[in-house]
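Read the figures in this text as sums done on the coordinates, not as results from a lab. Please read all numbers here as calculations on a predicted model, not as lab measurements. Backbone-built Cβ (ideal geometry, glycine too); neighbour counts: all protein chains shown.
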Amino acid sequence: MNTFAGHFLARPVTNASPPRPPSNEHGTSGLRQLTLDEPRLKLALALDTLAASWHRDGARSLLTLGLRPTSWGTRSPSEATELIAQLADDAPAALRRLQGGWVVLFVDESRNRCLLATDRAATRAPCFAALPDRMAFGLTALDVMRCDKRLEVVRPQAIFDYLHSHFIPAPDTVFAGVERLLPGEYVEAIDGRVSRSRYWEPSYGAASAPFDFARDKATFRRVLEDSVRAEASAGATGAFLSGGTDSSTVAGMLGHVTGAPANTYSIGFDVPGFDEMSYARIAARHFGARHHEYYVTPDDLVQNIPAVATTYDQPFGNSSALPAYYCARLAQADGVTRILGGDGGDELFGGNTRYAKQKIFDAYSRVPGWVRKGLVEPLLLGSTITQQIPIVKKARSYVEQANVPMPARLHTYNLLARIGAKRMFTPEFIAAVDTDAASRRENEYYARCEAADLVDRMLCYDWKFTLADNDLPKVVGTCDLAGLAVGFPMLNEDLAAFANALPAREKVKGLQLRHFFKAALADFLPREIIEKKKHGFGLPFGLWLVKHEGLRRLASGTLDSFRTRGIVRSEFIDELLAPRLQEHASYYGELVWVMMMLEQWLQAHRPDHVHAG
């Protein structure tokens, strides 16, 4: 392997200006083609929102994307020279110094060496492929695939994993041979030898001093304020505001650090049980924000499902991507150039409801075996009568779940697991995949989490599978589509280190979620936001699907196309679109959405793909 080929490309974005020529050597803006001497490195840059910078120092070259200006941000040749020198001598130490949501590409032609790295949360997880004669790389899996025709094959296993998880977990991608970086990871190729390494991974409970609420509250508030200030750009910065704890905190702190009312943006649904706009309004009034709202409709889905599905570099099935896109579009139309999200707070401070639920199961596992196996389980599991009494049925369910080891029991309600792979997929497709591969991957990652407490182990697990694989691609992808830069103050390096060092009991105290976070912000956030129960950002797709004719036509037409690809049994699609949706629209509507987004992606990017067995 003696050639590097690469593409760092931005897809066309809605309402974006056409590319402009580069302004100068150290502040690349717009579309630019760069060619180095052997080994050749070609980079097409159209990355205004990523603050792309290119530097050359003899035989060594450095591309940085998204580095925060206040950190070692390579905004001057001297800073770049220093970073290049340390990347050459001690890459992990150099990478640990970088801040923000960034991607770094370093090439040392004299050593035939190439290094690609991403930040600690994999805000943008670049991809690569190690081919026999070259190292191909790019910001997305599509970019890498376009480097070489050998990478165009769609992996059946990736399709299965997508339908299981609603995303394709890293390091895999939809294309055979194309890999994605994990949080805090870099890949290095030296003289044809390729290796993946971590320069950082989360560690827990390593506070330098015993917990002291007053002291730690003061530290937390200072670090939080600094993180929002660092992510607020000099231009027009706004904030997502869902009415949840994290978005309310970021929006309020944005107004505080700028000394002006924050521009906040919220999405609602005119469907009972799905709308949290009232909480967003409470937060906006409390902080004196300039608040903007939009209510998503079924017609909006019909109009924009294809655009949202195909903006991603591989199939992506998080249904809240559509409302996130409308929220970003609302901000972009209002003149905002950068928007801040609260993503990451749940995974740092213990905000997901499953953390409390899993503590209950964990407590049951510590009950003496003779009580569990000799009394409780024979009583609850030994008779079908217990399934007919509601409160006893729930206790039976809890015992059954408690007997499933972590992290598998997090998937108790997984759609594919409940339906059954053989019932859903064609025999030819099932024969081509490993139905247990996703579970093994999750088990391996969970076992590697360096944490003694159950809550911290779940936080570590979610840092990768919930945040890096799911939530961040959702927000980054839809903001890209809307032509809007995005920042995540909760992912600040110092804030993450502070949160991870907190005792687990201060994150989830008993069954109370985010105990320390809420206590430390009790005099900052509105009482209603502090006390509200975790709701989430669900889309009422299934409920709309059974009532809206245009949405039904889109779903039916999309799945009619999907049934020809040899992946899912045609009879199962018939069953899904008729009796199942009528039985439970929200539950089975999620599966319709996931299949629709897969088919829309395939139509745009691999229209001829058919599983032939």
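See the values below:
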read-out	value
Free-standing Cys, the chain [no other Cys Cβ under 4.7 Å]	Cys114, Cys127, Cys147, Cys327, Cys479
Distant-in-sequence amide H partners of Ile168 (H built 1.01 Å from N, under 5 Å)	none
All Cα pairs of segment 391-502, percent lying beyond 22 Å	54
Given Lys509/Lys533; Lys217/Lys532; Lys357/Lys532; Lys149/Lys464, the pairs whose alpha carbons are separated by over 26 Å	Lys149/Lys464
Where Rh is the Kirkwood radius over Cα pairs, Rg/Rh for segment 323-362	1.27
Value of relative contact order over the chain, rounded to a whole percent, pairs C-alpha under 8 Å and six or more apart	16
Whole-Å distance, taken between Cα centres, linking segment 257-272 and segment 211-235	21
The chain - mean residue ellipticity at 222 nm from DSSP helices (-39,500 (n - 2.57) per run, n ≥ 4, rounded to 500)	-12000 deg cm²/dmol
Prolate/oblate/rounded label for segment 195-288 (Cα gyration tensor, a/c 1.5)	prolate
Lys, Arg +1 and Asp, Glu -1 on Cβ, resulting dipole of the chain about Cα centre, debye, nearest 20	1100
Equivalent-ellipsoid semi-axes of segment 450-508, from the Cα gyration tensor, Å, largest first	27, 13, 7
Beta bridges per DSSP with both ends in the chain, % antiparallel, nearest 5	70
As computed over the chain, the Cα convex hull volume per residue (Å³)	164
Sequence of Lys533, Lys507 once ranked by neighbouring C-beta atoms within 10 Å, starting from the fewest	Lys533, Lys507
Residue order, fewest to most beta carbons within 10 Å, for Arg580, Arg418	Arg418, Arg580
Among Leu577, Gly100, Leu322 - extreme Cα towards positive end, dipole of the chain, charges at beta-carbon	Leu577
Cα pair count fraction exceeding 15 Å, expressed as % - segment 541-605	45
Evaluated at q = 0.11, 0.13 Å⁻¹: base-10 log I(q)/I(0), Debye formula over Cα of segment 204-539	-0.82, -1.10
Loop-resident sites, segment 393-478, for chymotrypsin sites (Phe, Trp or Tyr not before Pro), counting at most 14 other Cβ within 10 Å (DSSP)	Tyr413
